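The structure appears below as C-alpha cells.
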Amino acid sequence: MAGGQGTRLRPLTSNQPKPMLPILGQPLMQHILRLACRHGFTDAVATVQFLASIIRNHFGDGSDIGMSLEYATEDLPLGTAGSVKNAELLLDDRFLVISGDALTDLDLTDLVRFHQSRGAAVTVTLKRVEDPLEFGIVITDDEGRIDRFLEKPGWGDVFSDTINTGIYVVERDVLDYIPSGEEFDFSKDLFPLLLEKGLPMYGYVTDRYWSDVGTIDAYTNAHRDVLDRKVEVEMPGFELRQGVWLGEGAELDPEASVQGPVFIGENTKIEGGADLREYTVLGRGVTVKPGATLNRAIVHDYAYIGSTASLRGCVVGKNSDIKYGARLEEGVVVGEQSYVGEGAVLNPYVKVYPFKSVDPGAIVSESIIWQTAGAKGLFGERGVSGLVNVDITPEMAVRLALAYSSLLPKRSVVVACRDATRAARIVKRSLGVGVNAAGLDCHDLELVPSPVARFYARSARAAGGFTVRTTPGDPDSVDIQFFDERGIDVDPSTQRQLERAYFRDDLRRAFHHDIGDLAFPPRSLEYYVGGLLQAIDREAIAERRPKLVVDYAFGGAAVTGPAVLGRVKAQVLALNGVLDEERVVLTDDDVAAHMRALAAVVGSSGAHFGVMLNSPGERISLVDERGRIVDGPTALLAMVWLVARTSEGPRVAVPVAASRVVEEIVQARGGSVRWTRLSPAALMAAADGDDLDLAGGEVGDFIFPEFIPVFDGVMSLLKLIELLAATDRSLGDVVDQLPTTHVARRDVPVPWESKGTVMRQLLERFGDQQVLTIDGIKVFRDRDWALVVPHPQEPLVRVWAEGASDEAAYALAEEFAALVEDLK
C-alpha cells in the first residue's frame, strides 16, 4: 500500500510520497520490501497514486531488492480496500497486505502460519499501544476470532488498547466482496461486511515492533528506536564503535566529537570541531562544518550545516542549507531545498515548507506557508476554549474561521453571536473577518443568546454558525462553539476536519471579488420569539397566569426573556435583568449567592417558582414555590415526570450517567428512554434525529425538539409552566413525589498512555456480564450500575455508580475507582 500522501508529515511529504520518507537514508517502503524478502516473498504489487512516478523510478521492477515488483495505479482515491481491488488482476492467490509507509520487523512467516492454521478468510495483525485514539480498535474473543471493529474511536469508545496495524493476510475470494471503482475501506466497510456474512476473521497479536510513522513525532521516534536496536532493520555501513554507524565513503574528522548512538550516511563529511550527540541521523552527502552542534537531529541527503549552527530535536530536508550560527529548536521541520540564513532562529515547532528562505538574523515563531504543529486538538467539552489574547488571539480566531469556512461551500451564510463581554466581542469580530476572507457571508446577530443564533441558522438556511461567550467562572477565557445548518453542535467528524484544516493551514482564501459580505439581520430576535411562541400552548400558560421570579444574571436572556414572557401574560419579578459585562461571568460562589437570593425572593413573594438563566440563555436553575433550590439531577427527574404525564408513550433521551429512575418513570407510562453519550452535542444529535419529547441533562440543560433540538433556557421555562398547568401541579408537589436517587461519582487520575489499557482490561473482566458501551463501560448488577468513562481532555477516568442507598452507591463507586487504580 504505497498511495499515501502523509499529510500529517508535511512539509517532509509536500513533494514526495510518504513511503519514500527515509529511515537511515533508505525509504520506508524499501525497509518493508526487504522484510518481505527475508520471509520468502518473491512477488509484490505496489498500489500507488500520489506522486507515483517517484516510487516507480526508485524501485523499478524490484530486481535491485530481489523481488518482482508490479504497480497498480489509482486515478482517484479508492480507499484501502478499493485500492487492493484495483490490483485484482495482479493477485492470483492468498496475499499479504502491508503498508509501505510503516516501520516493522513483524514475523511474517508466523503470521501466515497463524492464518492457515485458523482457516481464516482474513487475518488482521494487532498490536497493543498506549494511545489507541488514532487507530482502529479490534476486539477479539478468547480464540482470537474478531468480534468488533471501532474505527478511530473517541475515549468513550475505548474498550481495548489492541489496535489494527493495517497488516492483513487475505484469501483471494475475499476480493469478490469489494465493489470495483468505488471508495471502499477495509475497517469501515469490508470487515463489518465480512463479519455480517459470518466469514472467519481472526486477530494475530504481535509483540514485535510496529510504528505507523504517521506524524513528525512518530518519525523521529522511529529513528530513535532503530538506533536503540528495538526494531530489526538493515543498518547500511559498519559500526565504527558501539552505537556509532558509518556509511561507505563517510569522512569523520578525528577532532569531531561523536556521542552515540548516531548514524552517519555514506559520503557524509563531519569536519573537526563539530559535535554530534545522541540520536543524530545524517543522510548521504551531508556536510557538517566546525563548531556545529547536532543533538537528536535528523538531516536528509545532501544538506549543509554551517559553522556554529545548533540543531536540537529537529528534521532538515534534503538539499537544504542551514547557515552559520543558525539555531533550530525542538520540533522544527525544514522542508527540502530550503534556506535558513546566518544567525536565524526557528522557534520550537516551526515548519518551513520546501523551497522557502529564512532571512539572516530572523526570529521565526510561526510556520512559513503551512503549519502542522503537533497539537492535541482544538475542541474540548465547551468547544474551542482558551485564554483571551494568549491561547485565543485575534490572529488565531481569523485562522480558525478560515479553517471552518473552508469546509463549507462558497457564498454560504454563517451566523454569529456573542455574549456581553468585550473579550467575546473582539473574538467574534475576528471570526467574522475570517469567514468573509474565505468567501462566505457572515450574518452577525451581535449580542443575543445562543439559541437565537441556532434558531436563525436552522430557519434561514444558513450553512452553520458560531457563538462566542466568556467561559463560565473564568473571565480571562472564552469559548467558541461551532454549529451546523441544523443549529446543533458540529459532530466529532467535522471537528476533526476543522482541526486538520487549521493545523495544516489548508485554508481557502477568496480573491477580492469573492470576499464575503457582513450583514446585521434586523429581525432575527423577532423571528425567534415568533417561532418559540408557536411551539407552546400559549392559552394554557395564560390561563395559569404564572407568577415568576426570573434572575437573568446580567446575561443575554435579558434580551429574549421579557419579550416572550410578556406575550404569555406572565407576572414576572425580574432580577439582574440588565446586560453587564462586569458581572455576567459568574463563579461557582456567585451562582450559589444568586440562587440563595432567588430562593429568598420566591419565598417572600408568593411566586409559583423561580428560575435563573445562565449567560448564554441555554440552561435554567430552579427554585420551587417554597423557596427550595432544586438541584440539576432532581430538575431532570421533575421534567421527565411532567413530560411522561402529558405524552402518549413518551420518548426521552438522557446521558448514560443519569439515574435509572428516569427509565422507571418513562416506562411506567409506556414510553422509552434513549441513552446517549455524556456530551451536550450527543443530546442535540439525539434530539434532532429521533421523534423525542424531551432530551435533558443533569445541569438544567433541556431540549424540546418541537421547537429546535438545542438547549434553550427560555423555551425550557415556558414548557415547565405549560407542563405544570397541564398536570395541575406545583413544582414543589412534583419534586416531593419523585423517587429518591442515590448516585455517587469519583474521578481517578490515570495517565494518558494507560487509558486504553484500563478500558480494555475492564471490558475483558466484565464482558460476560450485562454491560453498556454507549460511552465508556457501564456495568450492571441487578438494578445497580457503575459507569467508567475516560475524560476526553484530562488524564483521568470518571466513575459513576448508582445503588439502593447513598452508602451502596458510594461503595460501588469506590470499588470501581479502586479497580481503575489497580489497572492503570
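The values are calculated or read from the model by the stated rules, or taken from the named source; none is laboratory data. What you see is a predicted model, and the numbers here were worked out from it, not measured in a lab. Every residue, glycine among them, receives a Cβ derived from its backbone with ideal geometry; neighbour counts consider all protein chains shown. Keep in mind that these areas ignore ligands, DNA and RNA; they rest on the heavy atoms of the full protein, side chains included. Shrake-Rupley method; radii C 1.70, N 1.55, O 1.52, S 1.80 Å.
Tell me the carbon and sulfur percent of the accessible area for the chain, rounded to whole percent, probe radius 1.4 Å.
Ligands and nucleic acids excluded, carbon and sulfur give 45 percent.
Going highest first, how would you order 140-146, 547-553 by mean Cβ packing within 10 Å?
For the peptides 140-146, 547-553, the packing ranking is 547-553, 140-146.
Show me, bin by bin at 5 Å from 0, the whole-percent P(r) of segment 164-223 based on Cα pairs.
Over segment 164-223, the share of Cα pairs per 5 Å bin runs 4, 13, 22, 19, 14, 13, 10, 6, 0 percent.
Could you derive backbone 3J(HN,Hα) for segment 352-363 from the dihedral phi with the Karplus parameters 6.51, -1.76 and 1.60 (θ = phi - 60°), listing whole Hz in sequence and x where the residue is Gly or Pro?
Residue by residue, segment 352-363 yields 10, 6, x, 6, 9, 10, 10, 5, x, x, 6, 10 Hz.
Could you work out the per residue convex hull volume over the alpha carbons of segment 421-479, in cubic angstrom?
78
What translational diffusion coefficient, to the nearest whole µm²/s, does segment 321-369 have by Stokes-Einstein, given a Kirkwood radius computed over alpha-carbon pairs, a temperature of 37 °C and 0.692 mPa s viscosity?
Rounded to a whole number, D works out at 324 µm²/s.
Just the number, please: percent antiparallel of the DSSP beta bridges in segment 349-475, rounded to the nearest 5.
15
As a test of the formula, what do you get for the chain when each DSSP H run with n ≥ 4 contributes -39,500 (n - 2.57) and the sum is divided by the residue count, at 222 nm and rounded to the nearest 500 deg cm²/dmol?
Helices in the chain give a 222 nm mean residue ellipticity of -8500 deg cm²/dmol.
For segment 759-824, what does the alpha-carbon gyration tensor say about shape, rounded, prolate or oblate, given a ≥ b ≥ c as the root eigenvalues, a/c under 1.5 as rounded, and a/b over b/c as prolate?
Since a/c reaches 1.5 but b/c is at least a/b, the shape of segment 759-824 is classed as oblate.
Taking square-rooted eigenvalues a ≥ b ≥ c of the alpha carbon gyration tensor, is segment 279-392 rounded, prolate or oblate, where a/c under 1.5 means rounded and, failing that, a/b exceeding b/c means prolate?
Taking the square roots of the gyration eigenvalues as a ≥ b ≥ c, segment 279-392 is prolate.
For segment 267-273, take each phi angle, set θ = phi - 60°, evaluate the Karplus expression 6.51 cos²θ - 1.76 cosθ + 1.60, and give the result in whole Hz per residue in order, putting x for glycine and proline.
Here the 3J(HN,Hα) series is 6, 8, 10, 10, 8, x, x Hz.
What residue among ALA2, SER430, GLY243 has its Cα farthest toward the positive end of the dipole of the chain, where the charges are +1 on Lys, Arg and -1 on Asp, Glu, each on the Cβ?
Value computed over the given set: SER430.
Rounded to the nearest 10 Å², what accessible area does ILE426 show when all protein chains are kept and the probe is 1.4 Å?
That residue has around 80 Å² of solvent-accessible surface.
Once amide H atoms are placed 1.01 Å from N in the peptide plane, what residues at a sequence separation of 5 or more from LEU575, or on another chain, have their amide H within under 5 Å of its amide H?
Under 5 Å from the amide H of LEU575: VAL550, ASP551, TYR552.
When a/c reaches 1.5 or more, the comparison of a/b and b/c decides; with that in mind, is segment 239-313 rounded, prolate or oblate per its Cα gyration tensor?
Taking the square roots of the gyration eigenvalues as a ≥ b ≥ c, segment 239-313 is rounded.
How fast does segment 1-126 diffuse by Stokes-Einstein, in µm²/s, taking the Kirkwood radius from C-alpha pairs at 4 °C and 1.567 mPa s?
The calculation lands on 85 µm²/s.
What is the distance in Å between the Cα centres of segment 451-473 and segment 481-538?
6
How much of MET612 can a 1.4 Å solvent probe reach, expressed as accessible area in Å² and rounded to 10?
Answer for MET612: close to 10 Å² accessible.
For the chain, what is the percent of antiparallel DSSP beta bridges, rounded to the nearest 5?
If we restrict to bridges inside the chain, about 45 percent are antiparallel.
Excluding residues on the same chain fewer than 8 positions from LYS569, give the lysines whose Cα lies under 28 Å from its Cα.
Hits, sequence-local ones excluded: LYS547, LYS719.
To the nearest 10 square angstrom, what accessible area does THR80 show with a 1.4 Å probe?
Accessible area of THR80: about 50 Å².
Between ARG674 and GLN116, what's the calculated FRET efficiency when r is the beta-carbon distance and R0 is 35 Å? Round to 0.05.
Efficiency for this residue pair is about 0.20.
Once amide H atoms are placed 1.01 Å from N in the peptide plane, what residues at a sequence separation of 5 or more from VAL213, or on another chain, have their amide H within under 5 Å of its amide H?
Excluding prolines and chain starts, which carry no amide H, the hits are LEU103.
In debye, nearest 20: dipole of segment 1-94 around its Cα centre with unit charges on the Cβ of K, R (+) and D, E (-)?
Around 520 debye, computed over segment 1-94.
Nothing charged except the Cβ atoms of Lys and Arg (+1) and of Asp and Glu (-1): what's the magnitude of the dipole of the chain about its Cα centre? Round to the nearest 20 debye.
1540
When only the heavy atoms of the protein chains count and the probe is 1.4 Å, how do MET1, MET20 rank by accessible area, highest first?
MET1, MET20
If you take the charge dipole of the chain about its Cα centre, with +1 on Lys and Arg Cβ and -1 on Asp and Glu Cβ, which of VAL640, SER605, TYR219 is farthest toward its positive end?
Comparing the listed Cα positions along the dipole, SER605 ranks first.
Which ³J(HN,Hα) values, rounded to whole Hz and listed in residue order, are derived for segment 110-119 from phi using the Karplus coefficients 6.51, -1.76 and 1.60 in 6.51 cos²θ - 1.76 cosθ + 1.60 with θ = phi - 60°, glycine and proline given as x?
With coefficients 6.51, -1.76 and 1.60, one gets 5, 4, 5, 4, 4, 4, 5, 5, 8, x Hz.
So who's got an amide H within less than 5 Å of the one on GLU625, skipping anything under 5 residues away but keeping other chains? H placed 1.01 Å off N, in plane.
LEU731, GLY732
Send over a whole-number figure in Å² for the accessible area per residue of the chain, probe 1.4 Å.
41
Going by accessible area, probe 1.4 Å, with all protein chains left in place, what is the ranking of SER493, SER412, largest first?
SER493, SER412
In nm, to one decimal, how far is the LEU193 label point from the GLU814 one, both placed 7 Å along Cα→Cβ?
With each label placed 7 Å out from Cα toward Cβ, I get 5.4 nm.
Please list, by residue number, everything in segment 729-761 whose backbone N is under 19 Å from a paramagnetic label point 7 Å out along Cα→Cβ of ARG660.
Counting only backbone N, you get 738-746.
Excluding residues fewer than 8 places away in the same chain, name every one of the lysines whose C-alpha is closer than 28 Å to that of LYS356.
LYS18, LYS269, LYS289, LYS318, LYS323, LYS376
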